Amino acid sequence: MADHAILAGKRVLLVIAGGIAAYKSLELIRRLRERGVTVRAVLTEAGARFVTPLSVQALTEDTVYRDLWSLTDESEMGHIRLSREADLLVVAPATANLLARMAAGMADDLAATVLLATDKPVLVAPAMNVRMWQHAATQANMALLESRGVRRIGPNDGVMACNEYGPGRMAEPMEIVDAIAGVFAAESHRPLAGRRAIVTSGPTHEPIDPVRYIANRSSGKQGHAIAAALAALGAEVTLVSGPTRLPDPAGCRVTHIETAREMLAACEAALPADIAVCAAAVADWRVDGAGDRKLKKDGGAPPALALTENPDILATLSRPGERRPALVVGFAAETGDVLAYATAKRARKGCDWIVANDVSPGTGTFGGSDNTVHLIRADGVESWPTMPKDAVATRLAEAVAEYFTGK
Ligand code: C5P
């Protein structure tokens, strides 16, 4: 359980949307207030069909904000001030409809407007029928919101008010309290604040002609996760990404490039930086003299592609000099003798750390969600258990933070 001491004195703006789980939000208000949280509530029109404004008002001991067009509400508070005067916005229950409106950036009632107008962290507790939750539209909306930095708690599995079973039940009030404490704890843990980081991610595409290119199977999942994890610890992150199917991670500046040479130029433009993490699978070679005319099949011999070497971004950033980042981290994807090759690579590239992993067929690392890595530093090797790429990213970001804070 998260430490609740952090909650005292915090201000939560609770948005109650129209779902049967709204009755649990009354209890949530009680549990938060017991812990010293000031709760101000916005009730949607549908929300007011499930819980009465009077109950919400009695529990928050404050006005209940309901109407974007209310002269009284707007003159007393104003929708911008409502979000400005909160440390966190919590949407519980978050209905399929409100999630859709949030994802679309709509501002058609007070709830949607405060959620659009805020720059504060937002936590949603979805609650809806299982098929509504599992619908591709809701899943896409949720994924989009999460990629923009919205946090989520639940939904839980179980029997729902509609007598169906599955994911869709709103998280219990105490689980939401824990999640709120977790958000505040994460917000106050920013050991990389004031540090600049460059992260490369994804494959590169090297043109053969205007329509064809050489590429590789990198998904970018690990690099993107590292960019997000460094940003979560307070770093100012520039992510230089090759073509991937991933959304831009929250809290990072993202430069999209295609070729290795463009990736190098984007990295150099992002200097100076304290940290560089080269997780991209950069093509070693490009086609020499790739022209602007499509190669034609003319019945003769197939064209011979001459390759020429691409710049090594990791080695370039590692080169000693004034602009060298204090900590340069490379990756080594190997298919056997991982530690020996990776240790040699660390020396050859001149970087400080190498994150080595085994990408042999069958390990599922390429494109998969898990990764098994070894962190190779000057003073030895640390082997981490297999874990999701997000967890590898968090642990690596924590190691980076320790390097700078000396803890
Ligand atoms: O040389 P190799 O590809 O095995 O090394 C892997 C490491 O080097 C990764 O960190 C990768 O991002 C980086 N690299 C690079 N530029 C290249 C080739 C590799 O930054 N042209």
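The values are calculated or read from the model by the stated rules, or taken from the named source; none is laboratory data. Because the structure is predicted, anything quoted here is derived from the model rather than measured. Positions of Cβ are generated from backbone atoms using ideal geometry, with glycine treated the same way; all protein chains shown enter the neighbour counts.
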(message) Val91 - would you say it is part of a helix (DSSP H, G or I) and surrounded by 17 or more Cβ atoms within 10 Å (Cβ to Cβ)?
(response) no
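Each row is one residue, and each column tells you yes or no for (1) surrounded by 15 or more Cβ atoms within 10 Å (Cβ to Cβ); (2) out of contact with any Lys or Arg (no Cβ under 6 Å at 6 or more places or on another chain); (3) aromatic (Phe, Trp, Tyr); (4) not in a loop (DSSP other than H, G, I, E, B).
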{"position": "Arg245", "(1), (2), (3), (4)": "no, yes, no, no"}
{"position": "Ala250", "(1), (2), (3), (4)": "yes, no, no, no"}
{"position": "Arg261", "(1), (2), (3), (4)": "yes, yes, no, yes"}
{"position": "Leu264", "(1), (2), (3), (4)": "yes, yes, no, yes"}
{"position": "Val277", "(1), (2), (3), (4)": "yes, yes, no, yes"}
{"position": "Lys297", "(1), (2), (3), (4)": "no, yes, no, no"}
(request) State which residue is nearest to the ligand (Cβ to nearest atom) when the search covers only the range 157-209 and only residues that are in contact with a Pro (Cβ under 9 Å, 6 or more places away or on another chain) and basic (Lys, Arg). (result) Arg196
(request) Evaluate the following for Ala140: is it assigned by TED's automatic domain parsing to the domain that holds Ala171, free of Cβ contacts under 8 Å to residues at least 60 places away in the same chain, closer than 24 Å to Ala229 by Cα and of a type in the set (Gly, Ala, Ser)? (result) yes
(message) For the range 343-352, which positions are of a type in the set (A, V, I, L, M, F, W, C) and either more than 10 Å from the ligand (Cβ to nearest atom) or in a helix (DSSP H, G or I) (or both)?
(response) Ala344, Ala347
(request) Report, ordered by the first and then the second residue, all pairs with beta carbons closer than 6 Å, sequence separation of six or more or different chains, a first member in the range 290-301 that is in contact (Cβ under 8 Å) with a residue 12 or more places away in the chain, and a second member that is surrounded by fewer than 10 Cβ atoms within 10 Å (Cβ to Cβ) and of a type in the set (Val, Ile, Thr). (result) Lys294/Val211
(request) State which residue is farthest from Glu236 (Cα to Cα) when the search covers only the range 269-283 and only residues that are of a type outside the set (A, V, I, L, M) and more than 12 Å from the ligand (Cβ to nearest atom). (result) Pro272
(request) Can you tell me which residue within the range 312-342, out of those that are assigned to a loop (DSSP other than H, G, I, E, B) and surrounded by 16 or more Cβ atoms within 10 Å (Cβ to Cβ), is nearest to the chain's Cα centre (by Cα)? (result) Pro325
(message) Could you tell me how many of the residues in the range 23-45 are under 29 Å from the mean Cα position of the chain (by Cα) and more than 23 Å from His4 (Cα to Cα)?
(response) 3
(message) Among the listed residues Leu13, Leu68, identify the single one that is assigned by TED's automatic domain parsing to the domain that holds Pro173, under 22 Å from Asp119 (Cβ atoms) and touching a Lys or Arg at 6+ places or on another chain (Cβ under 8 Å).
(response) Leu13
(request) Please state which one of Ala143, Ala171, Ala186, Ala161 is assigned to a loop (DSSP other than H, G, I, E, B), under 26 Å from Ala41 (Cα atoms) and either at pLDDT below 95 or in contact with an Asp or Glu (Cβ under 6 Å, 6 or more places away or on another chain) (or both). (result) Ala161
(request) Please find, within the range 293-322, the residue that is nearest to the ligand (Cβ to nearest atom) out of those that are touching a strand residue (DSSP E or B) at 6+ places or on another chain (Cβ under 9 Å) and more than 19 Å from Val240 (Cα to Cα). (result) Glu309
(request) Collect the residues in the range 326-342 that are modelled with pLDDT of 95 or more and away from the ligand (no atom under 13 Å from the Cβ), keeping them in residue-number order. (result) Ala326, Leu327
(request) Write out, first by first residue and then by second, each pair whose Cβ atoms fall under 8 Å of each other, whose residues are 6+ apart or on separate chains, and whose first residue, in the range 80-101, is touching a residue at least 60 places away in the same chain (Cβ under 8 Å) while the second is among the aromatic types (Phe, Trp, Tyr) and in a helix (DSSP H, G or I). (result) Asp87/Phe184; Leu88/Phe184
(request) Look at Thr316 and say whether it is in the same structural domain as Ala378 (by TED's automatic domain parsing), hydroxyl-bearing (Ser, Thr, Tyr) and farther than 18 Å from Ala197 by Cβ. (result) no
